Amino acid sequence: VWESARIPVKAQQAVSDPDAGRLYVVAVRSPHGDDAGVLADLLPGKGIGAGLRREPTLLALDLRNGRTLWRRGFGEEVLLRPASARVLDDKGDWQPERAFDLGLYREPFLAGEAVCLSYTGISCFSARTGEPLWRQSFHPNEDDTARSYSPAVVDGTTVYTSGEGRLQAFDARSGTLRGQSRRVDAIPEMVETPETFYLQLGGRFFDIESETWEWRGSFGAMAVDRRSGETLWTWDDADDAVTNLLVFSGQVWLADEDELVA
């Protein structure tokens, strides 16, 4: 149908708004390199200051013809995730250069007249012009894990998200914090009903330091009142694992390593 003009960055995430006729693309320049830090050969892990960091760029494209409407730098560098494992060269040495991506983070989302990114908390930009609107900075991921926070839920003028072990509610226009739940653990999923949020506690996450998948958290579920942020109940007795949640017929269903629980 169309092909956009060449952009000197690599597209990695996107969200579309068919009603407004726009495609919002997040791209990263030169998402490749070596993420080893200082003294990586002597210290455990990847060394001091390890990790590959780049500044993402947000672009808006016209859905009808692919024309670039605006572009905006994110404003700070973010940590990238290895997109592939290290490989050996012909001499049997590990190749330092490899590709990276934005796989640590959830996809961009729309909130009214804004397009928002969740790389360092919540950062919202004008969907029409790309101008920064507001930013709330916090650590969405737990430690160095990938996607250990839930996708955002937008309800009218409120943006709900998790981060730093809490369910948080922000005003969609100003970014003002309207309320938050008590601190628990990693919350990778929220299931919403008209009056309640049901939160998955813990899960299996990709650890960027060791580059392995690990179970982390106080496994179980928690119910939070949607309006007040009050914790209604918590069940964290799941045994060594937890699945996603299913809310059905007045019950919350999940499974741990051994059993199906309602």
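The values are calculated or read from the model by the stated rules, or taken from the named source; none is laboratory data. Every value quoted in this text rests on a predicted model; they were computed, and no experiment measured them. Every residue, glycine among them, receives a Cβ derived from its backbone with ideal geometry; neighbour counts consider all protein chains shown. The area values use the complete protein model at the heavy-atom level, side chains included, leaving out ligands, DNA and RNA. Shrake-Rupley method; radii C 1.70, N 1.55, O 1.52, S 1.80 Å.
For the range 161-262, the fraction of 1.4 Å probe accessible surface lying on carbon and sulfur atoms is 46 percent.
Fully extending the segment from GLU211 to THR68, taken as 0.36 nm per residue of separation minus the present Cα-Cα distance, adds 47.9 nm. Once backbone amide H atoms are built at 1.01 Å from N, GLY21 has no partners under 5 Å, excluding neighbours fewer than 5 places away on the same chain. Phi angles across the range 120-127 convert, under the Karplus curve 6.51 cos²θ - 1.76 cosθ + 1.60 with θ = phi - 60°, into 3J(HN,Hα) values of 10, x, 10, 10, 10, 10, 4, 5 Hz, Gly and Pro given as x. The range 1-28 and the range 58-136 have their alpha-carbon centroids 11 Å apart.
Restricting the calculation to Cα atoms, every distinct pair contributes to the Kirkwood radius of the chain, found to be 20.0 Å. Here the Gaussian network model covers the chain, with springs between Cα atoms less than 10 Å apart; of VAL184, VAL242, VAL87, VAL87 fluctuates the most. For THR120, the accessible area of its heavy atoms, probed at 1.4 Å with every protein chain present, is near 30 square angstrom. Full extension of the chain between ALA11 and ARG29 gives 5.6 nm of extra length, using 0.36 nm per residue less the Cα-Cα distance. As a length-normalised measure over Cα pairs under 8 Å and 6 or more apart, the relative contact order of the chain settles at 10 percent.
Take the Cα of VAL87, step 7 Å toward its Cβ, do the same at VAL38, and the gap between the two points is 3.2 nm. Among the GluC sites (Glu not before Pro) in the range 180-262, those placed in a DSSP loop whose Cβ has at most 16 other Cβ atoms within 10 Å are GLU195, GLU209, GLU211, GLU230, GLU257, GLU259. Within the listed set TRP94, TRP213, TRP134, the residue fluctuating most in the Gaussian network model of the chain (springs between alpha-carbon atoms under 10 angstrom) is TRP94. Length gained on full extension, THR157 to GLN95, computed as 0.36 nm times the residue gap minus the Cα-Cα distance: 17.5 nm. Remark: the chain carries 52 Å² of accessible area per residue (probe radius 1.4 Å; ligands, DNA and RNA excluded).
Is the range 52-172 rounded, prolate or oblate when judged by the Cα gyration tensor, a ≥ b ≥ c being the square roots of its eigenvalues, rounded requiring a/c under 1.5 and prolate requiring a/b larger than b/c? Since a/c reaches 1.5 but b/c is at least a/b, the shape of the range 52-172 is classed as oblate.
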